[in-house]
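All of the numbers you see were taken from the coordinates with simple rules; none came from a lab. What you see is a predicted model; the values in this text were computed from it and never measured. Virtual Cβ from ideal backbone geometry, glycine too; neighbours counted across all protein chains shown.
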Amino acid sequence: MKIFYGPKGTGKTKAIIDCANKTLESAKGHVIFITDTKRYTHDINYNIRFIDVTDFDVKCSGGFRGFVKGIVAANGDNEYVYIDGIARITNKPLEELGNLFEAMGKLEEAYGVKFVVTCSAAKEDLPDFVLKYVD
């Protein structure tokens with residue numbers, strides 16, 4: 001798992017979009033970008049599956065965990081899943097998302113999918129379950 005972190009307004013969304021677009025050059029499987037707005041639709045390469053979770057009425061961490069598991073289960077060719085604004089999407093503080101990060105870690109191990117996530121927090125404020133993925 002790769003984490004883009006930093007306080008709000010530090011360029012995490014631009015960085016994750018650039019990373020997703022660059023991934024297409026080497027990805028052998030599908031690349032998916034999940035967020036909660038259509039604002040970046042035109043910034044994402046059209047070959048990336050763009051998903052706005054508001055279209056699917058996902059509003060909590062449990063619902064989002066199930067949503068992500070469904071994405072992984074639906075297609076074994078899904079290689080990268082980019083998630084912009086995980087705390088905003090789940091409507092929970094980052095500190096309360098340990099179960100979600102644990103589930104994503106297990107999906108990575110079991111299915112070979114790679115998650116890339118933005119977290120709005122300074123490095124010193126990241127919970128241990130996120131910090132273990134920070135370079």
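Brief remarks on what is shown
- Loop-located chymotrypsin sites (Phe, Trp or Tyr not before Pro) in segment 26-59 (DSSP state not H, G, I, E or B) with no more than 14 neighbouring Cβ atoms inside 10 Å: Tyr46.
- Selection from Gly105, Leu24, Tyr46 lying farthest towards where the dipole of the chain points positive, charges on Cβ: Tyr46
- With N the number of residues in segment 2-131, Rg(Cα) / (2.2 N^0.38 Å) evaluates to 0.97.
- Excluding exposed DSSP-loop trypsin sites (Lys or Arg not before Pro) (at most 16 other C-beta within 10 Å), longest clean stretch of the chain: 60-131
- Per-residue [θ]222 nm for the chain (sum of -39500 (n - 2.57) over DSSP H runs n ≥ 4, rounded to 500): -10500 deg cm²/dmol
- Taking only the C-alpha atoms of segment 89-134, the Rg (one decimal) and the largest Cα-Cα distance, Dmax (whole number), read 10.8, 31 Å.
- Beta bridges per DSSP, both residues in the chain: antiparallel share near 5 percent.
- Net charge over other residues, Cβ less than 13 angstrom from the Cβ of Arg39 (K, R count +1; D, E count -1): -1
- Relative contact order, percent, the chain [alpha-carbon distance under 8 Å, six or more residues apart]: 36
- For segment 63-117, the convex hull spanned by the alpha carbon atoms encloses 68 Å³ per residue.
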